[in-house]
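Just so it is clear, none of the values below were taken in a lab; they were calculated from the coordinates. All values derive from a computational prediction rather than experimental measurement. Ideal geometry is used to build each Cβ from the backbone, glycine not excepted, and the neighbour counts take in all protein chains shown.
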């Protein structure tokens, strides 16, 4: 006993205490994990997961629960945002598929845990918030550069497809990050964001222009309309704030110019698609100049660039001449999985050539390679034209109107998905079908309507508002929006530019994507919302 008393003071001394480096504590681990999460948003789902694991470890490490609770109470808007999770939790009450429901709750966990963990630590100081912004901007830039390298063949030589310009994450999610990056760079370029700069001022403007250019190369119409409406809204707010009539007139002129340009491009592509060549169907030639028989489908109204597709076809000459010019046989498939012969017929039609030996011989070597890769219209050889993307949408919608089949056509596919989703919503508008029953109910709808859409494309609605209404009813959609914009009512005097830009981007992105039905999407939404809210600007507003 006396020996124990003798060693007790020694055991209490520093020699027997576990010691850590001064920099190794919960707050630093949390910030490092947030940086990993930011770097992972455009690059890696694994990095996003590791970032969240690190945040959770830091949160558990910090055992000062009293401080955590007090900080939670200070950030009611973020707690209300986290309560979005409860909408889908309550949807479990009447769900019939508990396994899928629990999976959906797991996917949406970032919406709940990121706000709670983030509010448990002090608001990031300016220096760390700068680092966070620039890590995200750097990750977006590196992803864009890598995508360009893949596109140009400097890394490998894939068949060109504009969606491959987003090499790691979905096209729409990368487009929204590009839009956020554009406005972040413009904010840092402006006088108001000058205190958060790390790089020379001009570089932010150059980076914003690069992001806009890349967004156009990506041909993401979702990203483009988000950029447009966010820009219009931002400009309108700034014109009111500045009370400068010259600024307001300049903004109005710019908006009119952009709308006018967009309408002109759309009309040009619309006319190019719908104007048809004049054909005397009673005097169609029966044979090619080489004497082979032509086949004419005079009932088909399908055209490419105004030229009828299923006229002037000599399968014998097409097969013979194509096999002489290509390593892929006439009855084979393109590198995108489509039949060569149909792709060739459409491509020749788009150039106004007859589908015979002479037509194939007039194709250039680059056009032969384009057909082999799956390009079925000469317009689509222009990789950088936004007009070709508009033409493709017009063609998809017209094909959908005629056949009712949206298989493989992204724009028409959304209309088909929305149609079936709304059909189900109307049958049970108040409480929906339950968090886990989205897939089952939509599958029943697709079967019941006997849709020509291939089962491989029986997706969720690609619209978060419709998905929410299906799961938990139409009233929950309004609740979802209110919980997202709640600082507008609770913190009306607090102006945090990047936060409100993030809110607007999130709300617009939800029109074209089931944002919260993937863990990566839910993580991106929670990150932008929470860490743009917990900016140094919030601290300054509290102190003023």
In nanometres, what is the gap between the two model label sites at residue 478 and residue 397, each 7 Å from Cα along Cα-to-Cβ?
3.0
The residues 514, 62, 356, sorted from fewest to most surrounding Cβ atoms within 10 Å, come out as 62, 514, 356
Round to the nearest 0.05 the FRET efficiency obtained for residue 53 and residue 301 when R0 = 45 Å and r is the Cβ-Cβ distance.
0.20
With the cut-off at 1.5 for a/c, could you classify segment 272-417 from its C-alpha gyration tensor as rounded, prolate or oblate?
oblate
One finds the C-alpha centres of segment 315-373 and segment 167-202 to be spaced, in Å, by 44
Please order 95, 518, 176 by the number of other Cβ within 10 Å, starting at the fewest.
518, 95, 176
Residue 233 label point, 7 Å along Cα→Cβ, cut-off 20 Å on backbone N: hits in segment 84-110?
84
Residue 440 and residue 67 label points (each 7 Å along its Cα→Cβ direction) are spaced in nm at 4.8
In nm, what is the difference between 0.36 nm times the number of residues separating residue 275 and residue 46 and their Cα-Cα distance?
77.5 nm
If one computes the Cα centroid of segment 399-463 and of segment 207-221, what distance in Å separates the two points?
31
Any idea what angle helix 340-350 forms with the longest principal axis of the chain, computed on alpha-carbon atoms, 0 to 90 degrees, nearest 10?
80
Assuming 0.36 nm per residue, please report the length gained on full extension of the stretch residue 76 to residue 258 beyond their Cα-Cα distance.
61.6 nm
The chain, helix-only ellipticity at 222 nm - DSSP H runs n ≥ 4, -39,500 (n - 2.57), divided by all residues, nearest 500
-20500 deg cm²/dmol
Working out 0.36 nm times the residue gap between residue 249 and residue 268, then minus their Cα-Cα distance, what length gain in nm do you get to one decimal?
4.0 nm
Separation between the residue 418 and residue 489 pseudo-spin-labels, each 7 Å from Cα along Cα→Cβ, expressed in nm?
2.7
Computed FRET efficiency, Cβ-Cβ of residue 240 and residue 411, R0 56 Å: what is it to the nearest 0.05?
0.95
What is the order of 240, 368, fewest Cβ neighbours within 10 Å to most?
240, 368
